[in-house]
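J.: Here it is: the structure, laid out below.
The values are calculated or read from the model by the stated rules, or taken from the named source; none is laboratory data. Since we're looking at a predicted model, the values are computed, not measured. For neighbour counting, all protein chains shown are included, and Cβ atoms are generated from backbone atoms with ideal geometry for every residue, glycine included. Areas reflect the complete protein model, heavy atoms only, side chains present, ligands, DNA and RNA absent. Shrake-Rupley method; radii C 1.70, N 1.55, O 1.52, S 1.80 Å.
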Amino acid sequence: MNSPNATELIHVALAEDIGGGDITTLATIPAASRAEGRIVAKATGVLSGLEVAQAVFHAVDATLHWRGMRHDGDAIVAGDTLATLHGRTRSILSAERTALNFLQRLSGIASLTRRFVDAVAGTPAKILDTRKTTPGWRELEKYAVVCGGGGNHRHGLYDRYLIKSNHTNLCGGLQAALACVEQQRVAGFLVEVEVRTLDELRTVLPHAVDIVMLDNCSPETVAQAVALAAGRVQLEVSGGITLDNIRAYAATGVDFISIGALTHSAPALDLHLVVE
């Protein structure tokens, strides 16, 4: 995945790590030395960020020969070779950690997302991410969610109306917040409203709303909400969703389940670079 955002992050990350120079590699590795490297999985998961890792190596040395062996979105197991490298040893060693940092982080998000997607298989529920992303990394992290089989919620505050509890409280109530959005709504933007009770859902249903988010509700309440909405709006569940309880939520018939943990709590997937 090549993008201006990724390119900028790569340059920042390399400057952060290499600084004025990789002094250990410069001291121990002859300038003429050449080597081969293999990026190898040490754990089972889903791959994401391979093109970003390639871009890191090429930002350090455009002459390095890169060969991708797998593709983003692929299921991988320990021992799989994901890519190979050939070229200047100094370049490979200097770029190694930054490339792996990107690849491990994004593959970790994709892997966790796939676990949630698999947990709701056979239900209509679609797994979504949230805005709980690493500052500056949102584009990459949301890409990783898609690699894992999930979907993207809002990319930012600019692409969807989402009336949450703070808006409701500070605007004078749910009805008042809905009226404000209806008066100022720009065509082409979805309107979503967060509710916490069935009574709030009843308040929202007569309005021109596309999605209702059921926040921190039990599966039993969600099932009642699905029956109450009867297909008039799409329903999303958020808050307190885990791998242990997600199947119960998905079985209610909701359209979307959004999970902040996909991006804010995904463990890095264990990968390493073998240099010979």
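J.: So what is the relative contact order of segment 81-158, in percent, for Cα pairs below 8 Å that sit 6 or more residues apart?
T.: Result for segment 81-158 is 32 percent.
J.: Still on this model: For segment 108-227, how big is the tail of P(r) above 25 Å, as a whole percent of Cα pairs?
T.: So the portion of pairs separated by more than 25 Å is 34 percent.
J.: Rg over Rh of the chain, using C-alpha atoms and the Kirkwood radius, what does it come to?
T.: Here Rg/Rh amounts to 1.10.
J.: Just to compare against my own numbers: the Cα pair-distance distribution for segment 78-145, 5 Å bins, whole % per bin, please.
T.: 3, 13, 18, 19, 15, 13, 9, 4, 3, 1, 0
J.: How far, in nm, would the chain grow between THR63 and THR7 when pulled straight, counting 0.36 nm per residue and subtracting the alpha carbon separation?
T.: Result for the pair: 18.4 nm of gain on full extension.
J.: Give me the one-decimal nm value for the distance between modelled label points at LEU170 and ASP270, 7 Å along each residue's Cα-to-Cβ direction.
T.: A separation of 4.5 nm, rounded to one decimal place.
J.: Please name whichever of HIS155, ALA176, ALA62 sits farthest to the positive end of the charge dipole of segment 62-194, dipole taken about the Cα centre and charges placed at Cβ: Lys and Arg +1, Asp and Glu -1.
T.: Looking along the dipole axis, the top candidate is ALA62.
J.: Okay, moving on. What dipole magnitude, in Debye to the nearest 20, does segment 116-186 give about its Cα centre under +1 on Lys/Arg Cβ and -1 on Asp/Glu Cβ?
T.: 140 debye
J.: Using +1 at the Cβ of each Lys and Arg and -1 at the Cβ of each Asp and Glu in segment 1-54, identify which of GLY37, ALA6, GLY21 lies farthest towards the dipole's positive end.
T.: Highest projection toward the positive end goes to GLY37.
J.: Taking the dipole about the Cα centre of segment 45-89, with the C-beta of Lys and Arg at +1 and of Asp and Glu at -1, give me whichever of ALA75, VAL52, HIS86 is farthest to the positive side.
T.: HIS86
J.: What ³J(HN,Hα) values, in whole Hz, does the Karplus curve 6.51 cos²θ - 1.76 cosθ + 1.60 give for segment 135-145 when θ = phi - 60°, with x put for Gly and Pro?
T.: Residue by residue, segment 135-145 yields x, x, 9, 4, 4, 5, 5, 5, 4, 5, 4 Hz.
J.: Normalised by the residues of the chain, what does the relative contact order come to in percent, with Cα pairs under 8 Å and at least six apart?
T.: That works out to 23 percent.
J.: Once you have the Cα-Cα distance between GLN183 and ALA230, take 0.36 nm times their residue separation minus that, and quote the gain in nm to one decimal.
T.: Result for the pair: 14.3 nm of gain on full extension.
J.: Another question, then. Send over a whole-number figure in Å² for the accessible area per residue of segment 157-276, probe 1.4 Å.
T.: It amounts to 49 Å² per residue over segment 157-276.
J.: Let me ask something else. Under a plain spin-label model, where a point goes 7 Å from the Cα along Cα-to-Cβ, how far apart in nm are LYS132 and ALA31?
T.: It is 5.1 nm.
J.: Also, I was wondering about something else. I'd like the FRET efficiency for HIS155 and ARG38, computed as 1/(1 + (r/R0)^6) with the beta carbon distance as r and R0 of 30 Å, rounded to 0.05.
T.: Plugging the Cβ-Cβ distance into 1/(1 + (r/R0)^6) gives 0.30.
J.: How much area per residue is accessible in segment 1-123 when the probe is 1.4 Å and only protein heavy atoms are counted (Å²)?
T.: Per residue, segment 1-123 has 46 Å² of solvent-accessible surface.
J.: Using only helices, what value at 222 nm comes out for the chain when you add -39,500 (n - 2.57) per DSSP H run of length 4 or more and divide by the total residues, to the nearest 500 deg cm²/dmol?
T.: -13000 deg cm²/dmol
J.: Cα gyration tensor of segment 28-147, axes a ≥ b ≥ c as square roots of the eigenvalues: rounded (a/c below 1.5), prolate (a/b > b/c) or oblate?
T.: prolate
J.: Restricting to bridges with both residues inside the chain, how much of the DSSP beta-bridge set is antiparallel, in percent to the nearest 5?
T.: Among the beta bridges of the chain, antiparallel pairing accounts for roughly 50 percent.
J.: Which value results when the Cα radius of gyration for segment 1-54 is divided by 2.2 N^0.38 Å?
T.: Taking the Cα Rg and dividing by 2.2 N^0.38 Å, one obtains 1.47.
J.: Sticking with this one: Under 1.5 on a/c is rounded, so check that first for segment 48-92, then, if it is not, pick prolate when a/b is larger than b/c and oblate when it is not; a ≥ b ≥ c are the square roots of the alpha carbon gyration tensor eigenvalues.
T.: prolate
J.: What does the net charge come to around ALA6 if you take all other residues with beta carbon closer than 13 Å to its beta carbon, with K and R at +1 and D and E at -1?
T.: Every neighbour counted, the sum reads -2.
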